[in-house]
Each structure stands twice: as structure tokens, then as C-alpha cells.
Amino acid sequence: MLRDRYGRSIEYLRLSVTDRCDLRCSYCIPKGFKGFEEPQHWLSFDEIERLVAAFGRLGTRRLRLTGGEPLLRRNLSELAGRLSSLPGIDDLSLSTNATRLAHHAADLRAAGVSRINVSLDSLDRACMQQITGRDSLGMILDGIMAGKAAGFDPIKINMVALRGVNEHQIDAMVAFCIEHQFVLRLIEAMPMGATGRDATWLDLGPVERHLRRHFGLIHQPATLGGGPARYLATPDGRTSVGFITPMSQHFCADCNRVRLAVDGTLYLCLGQEDKVELRPLLRGGASDAELEQAIRAAIELKPEKHEFREQPGKIIRFMSQTGG
């Protein structure tokens, strides 16, 4: 098992297959941005498979495909099938905005993707257009329902809570997720790049207390997946609401993940600049043993915590450049 210098087990790799997206969410990629990574710098499927296999041999068992929007990468189901069959990888999931999921859900499920997280910040069409930059709600809902029909379980809905933008729609989202037995995760916006710093993040502490009272939610001690959310459950236990609070109550002491960007850069923390370039090793003839040693050395560089509150202007890269 990979362990960092603070004793944390690193068992979770978030793998970005593209930094591009078909939406322009107000807290993520700015409108008009064109500084995406050149395709010749993207890791090939063979390079991705080789790196993930090395992580698997080192004890990584959770793998999530991310972006940007991962469904913009051609033949993603083929890649998913190759990765799901690797020794050591026993949990393959996908984060998506679901605009294209209706066309790919069945193939992804057949390829070994078991769980999906879908970004959905509102059930109001105009609000979603304001946040995402296009009329996206219908496509996203179609994608979610296609995912449900394909058998993904659980389906988690990620809602970034923005003060003055969608906070008044949280109750409706909770009711929607209870109706369809989706897991809702409310997320505080992080100051990633200029767009993230401009987002008016909402403290989820008062929201949690309100939802306890309004929906009768109760503490849920069990975790769902490998992430940092704290969960409440409905009284019948059929669905849950999670709270991801990097701003008001960080969870760095339990961090179990690293992120691999589409160009092979291994980011060790969302809120720090610590990183290791793995693409030169892959394209320079490194052996499997050398790759594994580079990964071990990189994990030693993982910082103790982010500094989003202390230094909100520190990270200039956007979330899509890091890998969601």
C-alpha cells in the first residue's frame, strides 16, 4: 500500500482523460478559454493502462475517470474495459456532466464502470443555463435516467452550492434525489483559478442543520465510496445526502487520493502546486520498476493540507486542468 509521510494510505487515483468540456460552468472554465492541452501531449490509452497498472501493483484499488468532461474522449468505453480488468483495480467509477451519457451509459456499464457521479447544480432550467453557459438541463436529466436504466449503482448527484445563485434550490434537489433514490452530495466551491475564486461559496454547516430538520435526516456512520463526504440518511435508509466542505471544515487528515491529469502530470493536492511529470518517463523508455519508484517518490511529496482559506489566490490552474 502506498503511504505518504503523514501515514495516509493512498488508494484512490482520479484519472483525467481530457481537460476539455462542453459546458462552461461559472466556477470552473471561463467563457472563451482556449488554453487546453494539445492532443499530442495527452496520454495514450496504452500509456494510461501502463500507469494505472503500476498504481494497481502498488495498492491503488479505486479508480475514477474524470475530466473536463470524460465523455468527450473518443472510445472511452474501450479504455474503461481495459482498466477494469487490471489486477488490483476493484472499483471503477466515472464523473460526468451527463450531457452525453444517454448515448454511452450502456457501453460504459458493460465495460466495468459500476458507479457514476453527475454534476447537476439546479433543477431550474434558467439557473442551469446561467451556471453552465448553455441550455443543458434536459440533456443532463436524460443522461441521468439512462444511467439509472443501465444499472449504475449508486448514482451520486454533485451540486456545487453557490451563495445567491442556487442555494434556494437545495430543498428541491434533496426531494428529487429522495424520489429517485440518488445520493446527493452538496459541495462548497473551491478557489481553483480565477473562476473558482469568483464563485460565492456557501457554508454548508447551516444547510446541514436545516436539512436535518426539514427532511428528518439522521447521521449515517457508514461511508459511501472512497471520498471525503460526511453523510446524513433519510429515516428509511433508502438514500443519503453528503456534505463536502473543503472551505468550512477541511478533510485533509483523511485524504486518500492523487490526481493524474491528461498530460501525465500527477497532482498530489488540489490546493497545492506539488506535482510530478510522469509522461517523460513513459515516453523515455522507463521500466515498470522505474515507474513504480517514481510513483512512490511522488507520494512522499504529498503535502499535509491545502490552504484554500489562508491563500485563496494560490492556485491559478482551473479544476478541469487538474482533473476533477
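With 10 Å bins from zero, work out the P(r) of the stretch 1-60 over every alpha carbon pair and list the percent per bin.
Percent of Cα pairs in each bin: 18, 33, 28, 20, 1.
Extension gain Q129-R24, at 0.36 nm per residue separation less the Cα-Cα distance, in nm?
36.8 nm
Share of the chain's accessible area from carbon and sulfur, percent, 1.4 Å?
On the chain, the fraction of accessible area on carbon and sulfur atoms equals 49 percent.
So what is the accessible area of the chain per residue, in Å², with the probe set to 1.4 Å?
Computed with neighbouring chains in place, this is 42 Å² per residue.
Net charge around R20, counting only other residues with Cβ within less than 10 Å of its Cβ (Lys, Arg = +1; Asp, Glu = -1)?
-3
Give, as a single signed number, the net charge of other residues whose beta carbon lies under 15 Å from the beta carbon of I178, with Lys and Arg counted +1 and Asp and Glu -1.
+2
For the stretch 19-53, state which trypsin sites (Lys or Arg not before Pro) are in a DSSP loop and have at most 10 other beta carbons lying within 10 Å of their beta carbon.
Sites meeting the loop and neighbour criteria: K31, K34.
Could you pull out the trypsin sites (Lys or Arg not before Pro) across the stretch 200-277 that fall in loop regions by DSSP (anything but H, G, I, E, B) with no more than 12 other Cβ atoms inside 10 Å?
R238
What GluC sites (Glu not before Pro) does the stretch 110-208 have in DSSP loop regions with at most 15 other beta carbons within 10 Å?
Details: sites: E167, E179, E188, E208; in loops: none.
For GluC sites (Glu not before Pro) across the stretch 110-208 that sit outside H, G, I, E and B with at most 15 neighbouring Cβ atoms in 10 Å, the list is empty.
May I ask you to order 132-141, 57-66 by the average number of other C-beta atoms within 10 Å around their residues, highest value first?
57-66, 132-141
Evaluate E = 1/(1 + (r/R0)^6) for E49 and D254, where r is the Cβ-Cβ distance and R0 equals 25 Å; express this FRET efficiency to the nearest 0.05.
0.30
Any idea how far apart E273 and H168 come out in nm if each label point goes 7 Å out from Cα toward Cβ?
Roughly 4.2 nm, to one decimal.
How much length, in nm to one decimal, is gained on full extension between Q40 and R61, taken as 0.36 nm per residue of separation minus their Cα-Cα distance?
My answer for the length gained is 4.7 nm.
Counting Lys and Arg as +1 and Asp and Glu as -1, what is the net charge of the other residues whose Cβ lies under 12 Å from the Cβ of I155?
+4
Contour minus end-to-end for Q220 and D91, with contour as 0.36 nm per residue of separation and end-to-end as the Cα-Cα distance?
Working: separation 129, 0.36 × 129 = 46.44 nm, distance 2.19 nm.
Value of the extension gain: 44.2 nm.
Note down the Stokes-Einstein diffusion coefficient of the chain in µm²/s, whole number, using a Kirkwood radius over alpha carbon pairs, 20 °C, and 1.002 mPa s.
Rounded to a whole number, D works out at 107 µm²/s.
Could you work out the per residue convex hull volume over the alpha carbons of the stretch 37-147, in cubic angstrom?
Cα-based convex hull of the stretch 37-147, divided per residue, equals 107 Å³.
Restricting to bridges with both residues inside the chain, how much of the DSSP beta-bridge set is antiparallel, in percent to the nearest 5?
Once the DSSP bridges in the chain are tallied, antiparallel ones form about 30 percent.
The values are calculated or read from the model by the stated rules, or taken from the named source; none is laboratory data. Values in this document were obtained by computation on a predicted structure and should not be read as measured data. Glycine also receives a Cβ, built like all others from the backbone with ideal geometry; neighbour counts cover every protein chain displayed. SASA here: full protein model, heavy atoms, side chains in, ligands and nucleic acids out. Shrake-Rupley method; radii C 1.70, N 1.55, O 1.52, S 1.80 Å.
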